[in-house]
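Down below is the structure, laid out as structure tokens.
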Amino acid sequence: MAKTIIELKGADLTLGSAAASVHVLKGIDLDIAAGESVGIVGPSGSGKSTLLMVLAGLEKLDSGEININDTPLHSLSEDQVADFRGRNIGIVFQSFHLIANMTALENVAVPLELANVGNAFEIAHRELKSVGLGERLNHYPGQLSGGEQQRVAIARALAPSPALLIADEPTGNLDTETGRQIADLLFSKQAERGTTLLLVTHDVSLANRCSRQIRVRSGRIEGDSAARRTEAAIA
């Protein structure tokens, strides 16, 4: 039986304050096994992206527990969470979030250098080559297509060899064919490395490629294909 890599217990979060506050997550319980690919789906404003940010350690819960890879993030300081995230969690955003005045190689290497990884540029070179950008190392983001920029972002996310790869609408800014290529790359890297993949998407075809789907609505989980599989097995 696969190890549980993510465990949420009573995860509760309100964003904003006073009259502008929104109760985004409402007592969510969730377990995810190592090596799963999980699509998080739901309507706009349902809380799915906030849930992903909690799992990435980018939003702190008001109450509840979050354990990732046997580490209780809810008990750590902000600096400790940032250190943990840098070593254990790779993140791919819809808008790439590359540094404009750094080359592709530097964009991948600099986070490794900040984490005191000795051979940062060697690792960055290897990762960029593995995503098909071996000839684009010294190009700046403005010289790359959207698909190439997302490949740089994927290389950056994979460079620390994270246990968890998180993607928020990774194909949202790309045309259909480029989006398919990026999806193929994400799933191939996940399978190759045995990484746990979590992705938020509005793309039904992309969500259907995941081994599990979690549907979020109004801050709660309203559907989980893993639960349905378990019920079917018992029946």
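The values are calculated or read from the model by the stated rules, or taken from the named source; none is laboratory data. Since the structure is predicted, the reported quantities are computational estimates derived from the model, not experimental observations. No Cβ is skipped: glycine too gets one built from the backbone with ideal geometry, and neighbour counts run over all protein chains shown. For the accessible areas, the whole protein counts, side chains as well, though only heavy atoms, and no ligand, DNA or RNA atoms are used. Shrake-Rupley method; radii C 1.70, N 1.55, O 1.52, S 1.80 Å.
Results, tabulated for the structure shown:
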read-out	value
Any hit, the range 61-71, residues being open to solvent by 40 Å² or more (accessible area, probe 1.4 Å) and part of a strand (DSSP E or B)	yes
Any hit, the range 9-27, residues being under 17 Å from L199 (Cβ atoms), open to solvent by 30 Å² or more (accessible area, probe 1.4 Å) and touching a strand residue (DSSP E or B) at 6+ places or on another chain (Cβ under 9 Å)	no
Single unsatisfied condition, I166 versus (1) within 23 Å of L128 (Cα to Cα); (2) at pLDDT 95 or above; (3) touching an Asp or Glu at 6+ places or on another chain (Cβ under 7 Å)	(3)
Any hit, the range 85-100, residues being surrounded by 19 or more Cβ atoms within 10 Å (Cβ to Cβ), in a loop (DSSP other than H, G, I, E, B) and within 21 Å of the chain's Cα centre (by Cα)	yes
Close pairs from the range 128-155: first farther than 18 Å from R180 by Cα and at pLDDT 95 or above, partner open to solvent by 10 Å² or more (accessible area, probe 1.4 Å) and part of a helix (DSSP H, G or I), Cβ under 6 Å, at least 6 apart	L137/L105; P141/Q149
The range 44-60, subset more than 16 Å from L164 (Cα to Cα) and open to solvent by 50 Å² or more (accessible area, probe 1.4 Å), residue nearest to the chain's Cα centre (by Cα)	E59
So A163, is it within 16 Å of the chain's Cα centre (by Cα) and within 18 Å of Q181 (Cβ to Cβ)	no
